Structure formats: structure tokens, C-alpha cells
Amino acid sequence: MKDNDKLLVLGSGKGTFVEICKNNGLYAIGLDSAKDKIDFEKDKLPFKDNSFNFISMIAVIEHLKNKETIINEIKRVSKNNAILIITTPNFKFCYKTFYNDPTHVSPFTEISLEKFLINYDMKKIHIGPHLVDKSEFFWKNKLGFLLASILPFTNHDYKNSKFIPSFLRGKSTSIISVSKIEK
């Protein structure tokens, strides 16, 4: 991000990520449906057109039945060539547990998420397994999602373990997508 860039975090929860961004000199603002009493399926975002260079939706889209309003609002408040980052569970690898969260209503696979984004005119879409501290190999390998799903240990549970080598850590059944919004 450059000095004048602005980040909008949709689904910001308590605002921890927004605060970390601000503490590191970035302009960031968050909106959360519960905290800010906004309905991403119906409401307009309270920002002017062409306001943001980066927008993130981390673990939000799977909670929405109607995604058209939020995607159109994202496009409206985005500057030309803005970057949209979305993470969501990959239904292909978590279908047994996806609906354990009763608020999950829209499952995606990497293929359906890409088609969804293309339907809304997103450009230069890159989709891969949502991993932390792993090489580009997982992003570029056709089996990246499968490999990420079969790693035996998650990073967050075992990040400080001296007994589990890092190449066995990083299990992920989520998708991260990065796309460009051209106007």
C-alpha cells in the first residue's frame, strides 16, 4: 500500500486488523454487520464513490444469501484498479463441517468463487489456498488446495512447537482470492 491508499475491511469484527493497520501508518476503516448494524445484503455502504484502493472480505461472503448488493457496493466505493481480497471456506475440503456454523449459507469452491467474481466483472483474479508462511509452490501448483488440506497441523495451533517441523504445518481448507476492480 502507498501513503494515500485506503483500505476498507468488511466484516471487521472487533476491529483488531483495522487497528493493526492504523498502528502501522495505513489508512484503514472497518465495517461489521453486528457492531455497525449494517446489513451487507441490503444496505448501501456509507462511503462516497471511488473511495478505496483495497477492500477485504475475510470470512464474510459465506454468510450472505444475497451477494449482489455488497458486490455492487464494493464496485461503487472502489477506485479504478482497486484490489478486492476475499477469503472463504473451500467447500470441497470442508463440506463435512461447513454447516456446523448455522450462519454459513453460501458455500464456494475455488471454481465457483472464480466464476462468481468473473460474473461481476472482476479482472486478473488469482485464487489459491489461504495459507500462512508457505511458499509460492502452493499457489502455483495445481494440487495446492489438496496439499494444503492434507497438511497435518494448522499454523495457529502449532506455530511455536519445536517438535513439529514447519513443512508439516499450515493445514488450510480455505480459499483466498485477489482480484482487480477495473472501471
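The values are calculated or read from the model by the stated rules, or taken from the named source; none is laboratory data. Predicted model, so just to flag it, every value in this text is computed and none were measured. Virtual Cβ from ideal backbone geometry, glycine too; neighbours counted across all protein chains shown.
What the table shows:
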{"item": "Among (1) closer than 21 Å to S12 by Cα; (2) in contact with a helix residue (DSSP H, G or I) (Cβ under 7 Å, 6 or more places away or on another chain); (3) of a type in the set (G, A, S), the one test that A59 misses", "result": "(2)"}
{"item": "Criterion (modelled with pLDDT of 95 or more and surrounded by 13 or more Cβ atoms within 10 Å (Cβ to Cβ)) met by exactly one of K6, K22", "result": "K6"}
{"item": "Residue check, F17 at pLDDT below 95, in a helix (DSSP H, G or I), surrounded by 19 or more Cβ atoms within 10 Å (Cβ to Cβ) and among the aromatic types (F, W, Y)", "result": "no"}
{"item": "Cross-chain or 6+ apart pairs with Cβ under 9 Å, the stretch 19-36 first and more than 21 Å from I61 (Cβ to Cβ), then β-branched (V, I, T) and in a loop (DSSP other than H, G, I, E, B)", "result": "none"}
{"item": "Candidates D43, D39, D49 - the one that is within 26 Å of K2 (Cα to Cα) and part of a loop (DSSP other than H, G, I, E, B)", "result": "D49"}
{"item": "Selection status of D5, in contact with a strand residue (DSSP E or B) (Cβ under 9 Å, 6 or more places away or on another chain) and either in contact (Cβ under 8 Å) with a residue 24 or more places away in the chain or of a type in the set (D, E) (or both)", "result": "yes"}
{"item": "Residue check for K79: at pLDDT 95 or above, part of a strand (DSSP E or B), of a type in the set (K, R) and closer than 24 Å to A28 by Cα", "result": "yes"}
{"item": "Test: residue in the stretch 51-63 that is over 16 Å from the mean Cα position of the chain (by Cα) and exposed (fewer than 13 other Cβ atoms within 10 Å of the Cβ)", "result": "no"}
{"item": "Test: residue in the stretch 77-95 that is exposed (fewer than 12 other Cβ atoms within 10 Å of the Cβ), polar (S, T, N, Q) and in contact (Cβ under 8 Å) with a residue 12 or more places away in the chain", "result": "yes"}
{"item": "Odd one out for K96, checked against (1) within 16 Å of the chain's Cα centre (by Cα); (2) at pLDDT below 95", "result": "(1)"}
{"item": "Any chance L131 is modelled with pLDDT of 95 or more and in contact with a Ser or Thr (Cβ under 9 Å, 6 or more places away or on another chain)", "result": "no"}
{"item": "Any hit, the stretch 96-104, residues being within 19 Å of V9 (Cα to Cα) and surrounded by 13 or more Cβ atoms within 10 Å (Cβ to Cβ)", "result": "no"}
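One line per residue, one yes/no per condition, for (1) under 22 Å from E182 (Cα atoms); (2) not polar (S, T, N, Q):
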position: M1; (1), (2): yes, yes
position: E19; (1), (2): no, yes
position: G25; (1), (2): no, yes
position: N81; (1), (2): yes, no
